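The values are calculated or read from the model by the stated rules, or taken from the named source; none is laboratory data. Computed from a predicted model, the values in this text were never measured in an experiment. Here the Cβ positions follow ideal geometry from the backbone for every residue, glycine too, while neighbour counts run over all protein chains shown. Note: accessible area is taken over every heavy atom of the protein model, side chains too, but ligands, DNA and RNA are not part of it. Shrake-Rupley method; radii C 1.70, N 1.55, O 1.52, S 1.80 Å.
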Amino acid sequence: MKKNKTINSTDSIDSIKPIDSINSIDSINSISSNIFPISHKINRIDREKIKKQKSCVLWFTGLSGSGKSTIANELEKRLNEMGYHTYLLDGDNIRTGLNSDLGFSDSDRKENIRRIAEVVKLFVDAGLITITAFISPFRKDREMARNIIGEEDFIEVFVDTPLEECIKRDPKGLYKKALRGEIKDFTGIDSPYERPEKPIIHIYGIKKIEKNITQLLSFLKNKKIVG
């Protein structure tokens with residue numbers, strides 16, 4: 001896993017280039033003053049209408065190995081079979097492309113979630129039922145995502161699976177590496193996971209997947225997101 005370079009106490013001060021904050025601020029202001037977002041003739045309502053659905057995001061959060069990706073994949077499959085337009089964004093897939101330059105420090109985790117949220121915002125505007133599967137361990141980062149995407153479109157899904165069960169499953173062998181000290185800042189081992197306090201949907205990863213899918217589809221039908 002990639003790590004950002006950090007400045008050690010042995011680094012030479014002369015090797016650290018000062019940031020010209022005044023010029024940087026002036027540059028940002030100059031760019032901002034020359035950006036003019038356009039209004040599209042086709043809007044979200046038009047896109048939802050031809051798809052016969054209401055767009056939103058189901059934001060799956062939980063420990064590594066909790067079952068997020070498995071449940072999210074099955075949910076998308078079911079929705080696709082029902083004729084709905086969806087897109088699934090998964091943590092490892094995003095980190096091999098859009099966010100391949102990010103590591104796992106707290107600041108990089110925050111930027112990872114910020115970028116994902118901006119992408120999700122566009123997908124929701126495109127009229128898609130968007131599904132995400134990211135550990136997203138920090139409450140403040142999930143709140144940031146909610147604020148970017150919009151409260152009414154953000155459905156937080158907590159996949160609640162005991163850490164012991166996740167370690168037992170360990171589908172990628174990452175817990176073994178973390179417990180041996182080969183991976184640092186691993187969520188649940190030496191980096192915290194902050195449980196959602198009031199998730200919109202609370203499912204349990206130790207249940208059979210069919211029960212979780214039934215719960216999710218019932219919610220979407222009750223909210224008239226799908227018919």
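List pairs: first residue in segment 73-96 and under 13 Å from Ser55 (Cα atoms), second residue aromatic (Phe, Trp, Tyr) and part of a helix (DSSP H, G or I) anywhere in the structure, Cβ distance under 9 angstrom, at least six positions apart or on different chains.
Tyr87/Phe123
Does Glu165 fit the bill of being closer than 16 Å to Lys68 by Cα and assigned to a helix (DSSP H, G or I)? Outline the logic, then answer.
Details: closer than 16 Å to Lys68 by Cα: yes; assigned to a helix (DSSP H, G or I): yes.
Considered against the rule, which asks whether it is closer than 16 Å to Lys68 by Cα and assigned to a helix (DSSP H, G or I), Glu165 comes out as yes.
Any chance you could count how many residues in segment 73-97 are open to solvent by less than 40 Å² (accessible area, probe 1.4 Å), assigned to a loop (DSSP other than H, G, I, E, B) and closer than 25 Å to Ile167 by Cβ?
0
Any chance you could count how many residues in segment 152-170 are over 20 Å from the mean Cα position of the chain (by Cα) and open to solvent by 70 Å² or more (accessible area, probe 1.4 Å)?
Qualifying residue count, segment 152-170: 3.
Do you know which of the residues in segment 175-227 that are small (Gly, Ala, Ser) and at positive phi is surrounded by the most Cβ atoms within 10 Å (Cβ to Cβ)?
Kept after step one, since they are small (Gly, Ala, Ser), are these residues of segment 175-227: 178, 181, 188, 191, 205, 218, 227.
If we keep only those that are at positive phi too, we end up with 181, 188.
Numbers: Gly181: 10, Gly188: 19.
If we take residues in segment 175-227 being small (Gly, Ala, Ser) and at positive phi, then Gly188 is surrounded by the most Cβ atoms within 10 Å (Cβ to Cβ).
Please go through segment 100-126 and pick out each residue that is among the charged types (D, E, K, R), over 12 Å from the mean Cα position of the chain (by Cα) and within 15 Å of Lys140 (Cβ to Cβ). Reasoning before the result, please.
Applying the first criterion (among the charged types (D, E, K, R)) to segment 100-126 yields 101, 106, 108-111, 114-115, 118, 121, 125.
Among the residues that remain, those that are also over 12 Å from the mean Cα position of the chain (by Cα) are: 101, 106, 108, 125.
Asp106, Asp108, listed by residue number.
Can you tell me how many residues in segment 60-72 are polar (S, T, N, Q) and either without any contact (Cβ under 8 Å) to a residue 60 or more places away in the chain or in a loop (DSSP other than H, G, I, E, B) (or both)?
Here is the first cut: in segment 60-72, the ones polar (S, T, N, Q) are 61, 64, 66, 69-70.
Applying the additional criterion that residues be either without any contact (Cβ under 8 Å) to a residue 60 or more places away in the chain or in a loop (DSSP other than H, G, I, E, B) (or both) yields 64, 66.
Of the residues in that region, 2 qualify.
Please go through segment 200-218 and give me each residue that is touching a residue at least 60 places away in the same chain (Cβ under 8 Å) and in contact with a Phe, Trp or Tyr (Cβ under 9 Å, 6 or more places away or on another chain), ordered by number.
Across segment 200-218, the qualifying residues are Ile201, Ile203, Asn212.
For segment 188-224, what are the residues that are in a strand (DSSP E or B) and at pLDDT 95 or above?
So in segment 188-224, the residues in a strand (DSSP E or B) come out as 191, 201-204.
Ile201, His202, Ile203, Tyr204 - these are the residues of segment 188-224 that are in a strand (DSSP E or B) and at pLDDT 95 or above.
What number of residues within segment 114-151 are of a type in the set (Asp, Glu) and either open to solvent by less than 10 Å² (accessible area, probe 1.4 Å) or within 26 Å of Tyr204 (Cβ to Cβ) (or both)?
Residues of segment 114-151 that are of a type in the set (Asp, Glu), as a first pass: 118, 125, 141, 143, 151.
Then drop every residue that is not either open to solvent by less than 10 Å² (accessible area, probe 1.4 Å) or within 26 Å of Tyr204 (Cβ to Cβ) (or both), which leaves 141, 143, 151.
Residues flagged as of a type in the set (Asp, Glu) and either open to solvent by less than 10 Å² (accessible area, probe 1.4 Å) or within 26 Å of Tyr204 (Cβ to Cβ) (or both) within segment 114-151 amount to 3.
Kindly evaluate Glu111 against the criterion of being within 27 Å of Gly83 (Cα to Cα) and either surrounded by fewer than 21 Cβ atoms within 10 Å (Cβ to Cβ) or acidic (Asp, Glu) (or both). First the steps, then the outcome.
Working: within 27 Å of Gly83 (Cα to Cα): no; either surrounded by fewer than 21 Cβ atoms within 10 Å (Cβ to Cβ) or acidic (Asp, Glu) (or both): yes.
No: the conditions fail for Glu111.
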